[in-house]
Each structure stands twice: as C-alpha cells, then as structure tokens.
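For reference, the structure discussed in these notes is given below.
Nothing in this text is a laboratory measurement; each read-out follows from the coordinates by a stated rule. All values reported here derive from a predicted model rather than from experimental measurement. A quick note on method: Cβ atoms are made from the backbone with ideal geometry, for glycine too, and the neighbour counts reach across all protein chains shown.
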Amino acid sequence: AQSVSQHNHHVILSEAASLELGCNYSYGGTVNLFWYVQYPGQHLQLLLKYFSGDPLVKGIKGFEAEFIKSKFSFNLRKPSVQWSDTAEYFCAVSKNYGGATNKLIFGTGTLLAVQP
Amino acid sequence: DAGVIQSPRHEVTEMGQEVTLRCKPISGHNSLFWYRQTMMRGLELLIYFNNNVPIDDSGMPEDRFSAKMPNASFSTLKIQPSEPRDSAVYFCASHGELADGTQYFGPGTRLLVL
C-alpha cells in the first residue's frame, strides 16, 4: 500500500536558520507530490506541488522542494525561516491517473517551531 | 471564489446526540473528501465522493458515521450517536478536473463531544 513518511515530527529552529523537512513515499509508479501547511488553528493550505517537469519546485513564501525519483523523496526546503513559518507541514502523494480522481495519502506531519 | 465552506465552525454536544457537519465544495469541483484530524491519529481520510458517488469509505470508523452527497454542491457527515472519542476537527476538501489532484481544504469543524 502507498505510504508517506515524514522523518521529523518536531523541529525547532531559530529565525534565519535553514530548513529541510524530509518526505519519502513508497509508491513506485507515476505520482503527484504535495506539501501542505497548517498554521495554528487554521486549515491546510497548499504550499507547493510537483506534477511533472522540473523536479525543483518553487512554492509560496520562499519554500521549494526537490523531487528525487531514485530516492522516492520530496524534501521541503527554505533557506531562511521566519517566526511566521511556525506551523505544521504535511507531505502528501497521489497517483497520477491522468485526470481521474484520486485520494491523497498524507504523512503524519512535521511541527515546526521558529524561535524569534 | 468563496473556497470550500463548512458549517458549523464549532460544535459542542453531549454524548449520544446526533451531529451533522456540512460542506459546500468549490463550484465546479467534482470530487469531495472528508477528513478527521486528531492529535493522536493525525489526518485521516474518512470518505470521498466523485460526481456525488461515494468511491472509498474505508476510512469511516464505524456504523455511527455516515456521509451523503445529494448534489454537486452539498455534502453532509453525520455521527449518530456521538461519543467523546469523536472529538476532532473535521475537514472537507474538494478538487476539480485538474489531473494533479490538488485538494482545497475548508476551514474545518471543531467538534467536542462531552
């Protein structure tokens, strides 16, 4: 069965530190990959997604992620975090059926706390 | 675009009562998903619909939970009878025809069963 692993459950950083959150998935076929962010008390919002093409994807708020097919990974990065990046981050994968509806498989989330 | 709309935003009820959560997907979206989020279990997919038809309800915890989608613009998730362990945030999400499967989430309903 498909699964998504997020290795870090809690991350604490100081402002201006660099961030990398790990994400690995188990499915071997063609996939679509997502990072969602959930700010405290809010709903999930799309941060960035990989569908096809350039494996380095840039999202909102200075975030980027790199799809490495050989490693089944889609790690999220940001060169310099801000206090406002404090949130929970979810990696998700869906199978690419070329237009058919498919469900997202979410990782367990990584709680990021940025200290001012 | 109003986004996915959920109501109520907060619900406090007593054990044994019926709870009905409502969701209006983004206009034109043909797939709708219900999730439950708790500290212990994280984000769980309960059920999803495509063109108003339930496709996968394997995540529905037990018979006390039921979901319907009578038309393309409305869905309900019902819990009857409710129990304290049902306390959670329930999210609805929808997605349209795009092949990448991006889901757009509603603000959630925070349910507390006493």
- Note on the structure: Of those in segment A:19-43 that are in a loop (DSSP other than H, G, I, E, B) and buried (at least 20 other Cβ atoms within 10 Å of the Cβ), the residue nearest to the other protein chains (Cβ to nearest Cβ) is A:HIS43
- Query: How many residues does segment A:46-62 contain that are assigned to a strand (DSSP E or B) and at the interface with chain B (Cβ under 7 Å from one of its Cβ atoms)?
  - Reply: 2
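Does B:ARG85 satisfy the criteria of being surrounded by 15 or more Cβ atoms within 10 Å (Cβ to Cβ), more than 9 Å from every other protein chain (Cβ to nearest Cβ), within 27 Å of B:MET15 (Cβ to Cβ) and among the basic types (Lys, Arg)?
Against the criterion (surrounded by 15 or more Cβ atoms within 10 Å (Cβ to Cβ), more than 9 Å from every other protein chain (Cβ to nearest Cβ), within 27 Å of B:MET15 (Cβ to Cβ) and among the basic types (Lys, Arg)), B:ARG85 does not qualify.
For the structure I just gave you, tell me whether B:SER94 is part of a strand (DSSP E or B), within 13 Å of another protein chain (Cβ to nearest Cβ) and buried (at least 21 other Cβ atoms within 10 Å of the Cβ). I'd like the intermediate steps shown before the answer.
Details: part of a strand (DSSP E or B): yes; within 13 Å of another protein chain (Cβ to nearest Cβ): yes; buried (at least 21 other Cβ atoms within 10 Å of the Cβ): yes.
When the stated conditions are applied, B:SER94 passes them.
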- Message: If the requirement is being under 24 Å from B:VAL4 (Cβ atoms) and among the basic types (Lys, Arg), which of these qualifies: A:LYS61, A:LYS69?
- Response: A:LYS61
